[in-house]
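*Asks:* Here it is, the structure in full.
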Amino acid sequence: MKSVPIPLKLINLQDDGFHLLVEIVVFNETHFAVLDTGASRSVFDKAIIEKHLSETLQVSEEINAATLFTTTTTIQATIPEVRIGRLKLKNYETVAFDLQSVSETYQQFGHPPIIGIIGGDILMQYKAVINYDKLLMRLYK
């Protein structure tokens, strides 16, 4: 198995503790996503999904408890390619939530905006190993 090393960014959210961010590329744009080992699946901000995939969206009224960020409307979409470091995920099926308030909170503390949460589905499939000391994650193909 070949490992893909991915640098991480550690941020301090004051009373909320520490969060890890990972740089990702979606729709040929570089963004940050929160690395969340407690999220059962990865999700993306609905604004970026609506911007790029408006004609192919499926809206669901189910409440999805996949992450800490709850909403009553989820959008299902397929992102043509998600890149995390050198790892390329083709036709990644995802759900999208409104993450704007989360992203604004990050920005209020001087951190970059986020457009997604990388969760357990990707971390488990690619056998993620997170090294907090070196701020490095390895994913295995």
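The values are calculated or read from the model by the stated rules, or taken from the named source; none is laboratory data. Since the model is a prediction, treat every value here as computed from it, not as a measurement. Heads up, the Cβs are rebuilt from the backbone with ideal geometry, glycines too, and the neighbour counts pull from every protein chain shown.
*Asks:* I need a count of the residues in region 5-46 that are among the acidic types (Asp, Glu) and under 14 Å from the mean Cα position of the chain (by Cα).
*Replies:* Just the residues of region 5-46 that are among the acidic types (Asp, Glu), to begin with: 15-16, 23, 29, 36, 45.
Filter once more, keeping what is under 14 Å from the mean Cα position of the chain (by Cα): 23, 29, 36, 45.
Summing the residues that are among the acidic types (Asp, Glu) and under 14 Å from the mean Cα position of the chain (by Cα) in region 5-46 gives 4.
*Asks:* Does region 109-118 contain any residue that is in contact with a His (Cβ under 8 Å, 6 or more places away or on another chain), within 16 Å of Ile49 (Cα to Cα) and small (Gly, Ala, Ser)?
*Replies:* Yes, because at least one residue in region 109-118 is in contact with a His (Cβ under 8 Å, 6 or more places away or on another chain), within 16 Å of Ile49 (Cα to Cα) and small (Gly, Ala, Ser).
*Asks:* Yes or no: region 65-88 includes at least one residue that is modelled with pLDDT under 90, crowded, with 16+ Cβ neighbours inside 10 Å, of a type in the set (Val, Ile, Thr) and not in a strand (DSSP E or B).
*Replies:* For region 65-88, residues modelled with pLDDT under 90, crowded, with 16+ Cβ neighbours inside 10 Å, of a type in the set (Val, Ile, Thr) and not in a strand (DSSP E or B): present.
*Asks:* In region 97-114, which residues are modelled with pLDDT of 90 or more and in contact with a Phe, Trp or Tyr (Cβ under 7 Å, 6 or more places away or on another chain)?
*Replies:* Within region 97-114, Leu99, Pro112, Pro113, Ile114 qualify.
*Asks:* If you don't mind, another one. Give Tyr132, Tyr140 a once-over and let me know the one that is of a type outside the set (A, V, I, L, M, F, W, C), touching a Phe, Trp or Tyr at 6+ places or on another chain (Cβ under 8 Å) and in contact (Cβ under 8 Å) with a residue 24 or more places away in the chain.
*Replies:* Numbers: Tyr132 fails: touching a Phe, Trp or Tyr at 6+ places or on another chain (Cβ under 8 Å).
Sole residue among the options that is of a type outside the set (A, V, I, L, M, F, W, C), touching a Phe, Trp or Tyr at 6+ places or on another chain (Cβ under 8 Å) and in contact (Cβ under 8 Å) with a residue 24 or more places away in the chain: Tyr140.
*Asks:* Check Asn91 against each of (1) in a helix (DSSP H, G or I); (2) of a type in the set (S, T, N, Q); (3) surrounded by fewer than 17 Cβ atoms within 10 Å (Cβ to Cβ) and name the one condition it does not meet.
*Replies:* That leaves (1) as the condition not met.
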